[in-house]
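Below is one structure, written out as structure tokens; the observations come after it.
The values are calculated or read from the model by the stated rules, or taken from the named source; none is laboratory data. Predicted model, so just to flag it, every value in this text is computed and none were measured. Don't worry about glycine lacking a Cβ; one is built from the backbone with ideal geometry, like all the others, and counts go over all protein chains shown.
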Amino acid sequence: MYCGSCLRDNTLAAELLALGHDVVLLPVYTPTRTDEQNVSDSRVFFSGISVYLEQHVPLLRRTPAVLDFLWDTPAVIRLATGRGVSVDPEQLGDLTVSMLQGEAGHQAKEFRKLIAYLKPLPPFDAVMLPTSLLSSLAPPLRRELQRPIVCTLSGEDLFLEGLPAPHRTRAKALIAEAEPAVDRFVATSEYYADFMAGYLGLPRKKIAVAPLGIRFDGFAPAPAAPPERPFTIGYLARIAPEKGLHLLVSAYIKLRRELGLEDARLEAAGYLAPEHRSYLEGVTKALAAVGLEGEFRCHETIDRPRKLEFLRGLDVLSVPSPYAEPKGLYLLEALASGVPVVEPRHGAFPEVIEKTGGGVLFAPGDVRDLATKLLELRRDPERRLELGRRGGEGVRRSYSAARMAERTLEICGEAQAAFRAA
């Protein structure tokens, strides 16, 4: 899959490198996968295989690190995960808690490996963790490297809420315990900064905001759609219930069978995990039940050239996530392509649309309201084109990789000051 957090971190690292900074981007669990040039290190720390084996085979928690070399190599990890691996939180409660216990957990050997790798390197100005689910790294890294720690908040509440209740409570408590070792937290939206302060019990004053940013290479508004092309509604996100494809399908059925929309198509693309294949089959069956299966196509995972082509073929994009999204990378990509968006009025979506002017909002979970907003754009092509134009300008003004990098540097400076004061 192309993970939104990996895409964000790789873009950030690449932009900082382009600005002349020294950056080391270290993959954790699996090699990173991005649809841009990958600037991450070739070595994988906390190899998903090692982490799993140490959780379930006590002997391997004490063996020399050199014995882990085989299954820590990127090629072996890719082979193990190439057919898709379930990351269902319900199955990962014990492992999540163990990782958050840090040096007291079953993966203590992995912490030692990382520290042994980092200590001989020239000293960093700051260390950035990609998620609070890795906040257990903060105390040992701060202690051993004597450098400030910055931790990104990147949508982990969705995973935590999927854990069984005892594991969820314990995991949140362990994240809170690591908070004093973090000098600054970074959220990608004001919404998420406020939400996570309450959800994890973090001091709001320690949470800064660095809006998401993208590089615009290859993104450009498509030429006017040929008159023979059907009105095309797009969806670009993981194929999963929390992203709301089922809601978009229900709205499409309402548009075609109740509200009089003619000559239309529904196009979807995004990673499909093995455990969600039955979910896709369900939404396909819903369309087939009303004779609309021929108007729907799911491309699943697409690379960057195909993504750019996919977006150029849309009239509007909607990912009606019932989950209050903290990021919404797909919104920025659609707007950069001149495609207006129709999104639920929650999470980071109102911020993005307010700053860019490139879309409209509907009541979260309200299929009729979603269908009505889509129909309004179908019947008012001039407004649709204006939203696309404004969105393209707004996303370049407010959500560039350069702005993200500049703001991140400011936050690292704040973390350094907090570290020195402590």
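Miscellaneous remarks
- Among the conditions (1) in contact (Cβ under 8 Å) with a residue 60 or more places away in the chain; (2) under 22 Å from the mean Cα position of the chain (by Cα), the only one that Ala178 does not satisfy is (2).
- Hey, Ser154 buried (at least 18 other Cβ atoms within 10 Å of the Cβ) and farther than 24 Å from Glu406 by Cβ or not: no
- Residue in the range 285-297 that is in the same structural domain as Ala336 (by TED's automatic domain parsing), free of Cβ contacts under 8 Å to residues at least 40 places away in the same chain and closer than 24 Å to Ala336 by Cα present: yes
- Taken as a whole, the condition of being surrounded by 13 or more Cβ atoms within 10 Å (Cβ to Cβ), under 28 Å from Val150 (Cα atoms) and modelled with pLDDT under 85 applies to Thr73.
- Failed item, numbered, when Gln146 is tested on (1) without any contact (Cβ under 8 Å) to a residue 60 or more places away in the chain; (2) among the polar types (S, T, N, Q); (3) over 17 Å from Pro180 (Cβ atoms): (3)
- Residue match in the range 178-195 (condition: farther than 20 Å from Arg407 by Cα, among the acidic types (Asp, Glu) and in contact with a Pro (Cβ under 9 Å, 6 or more places away or on another chain)): yes
- Here is the figure for the range 3-35: residues that are closer than 13 Å to Ile214 by Cβ, in contact (Cβ under 8 Å) with a residue 60 or more places away in the chain and either part of a loop (DSSP other than H, G, I, E, B) or within 13 Å of the chain's Cα centre (by Cα) (or both) total 6.
- Failed criterion for Val39 (all others in (1) surrounded by 19 or more Cβ atoms within 10 Å (Cβ to Cβ); (2) part of a loop (DSSP other than H, G, I, E, B); (3) modelled with pLDDT under 85 hold): (3)
- Scanning the range 386-409 for residues being over 19 Å from Glu351 (Cβ atoms) and either without any contact (Cβ under 8 Å) to a residue 24 or more places away in the chain or of a type in the set (Ser, Thr, Tyr) (or both) gives a total of 1.
- Residues (crowded, with 23+ Cβ neighbours inside 10 Å and either of a type in the set (Asp, Glu) or more than 25 Å from Leu145 (Cβ to Cβ) (or both)) located in the range 172-187: Asp183
- Subset of the range 99-138 (residues that are hydroxyl-bearing (Ser, Thr, Tyr) and not in a loop (DSSP other than H, G, I, E, B)): Tyr117, Ser132, Ser135, Ser136
- Residue match in the range 76-98 (condition: in a helix (DSSP H, G or I), in contact with a Lys or Arg (Cβ under 6 Å, 6 or more places away or on another chain) and either at pLDDT 85 or above or among the polar types (S, T, N, Q) (or both)): yes
- Where helices (runs of 4 or more DSSP H) fall wholly inside the range 271-379, the ranges with 3 or more residues that are of a type in the set (Gly, Ala, Ser) and modelled with pLDDT of 95 or more are 277-288.
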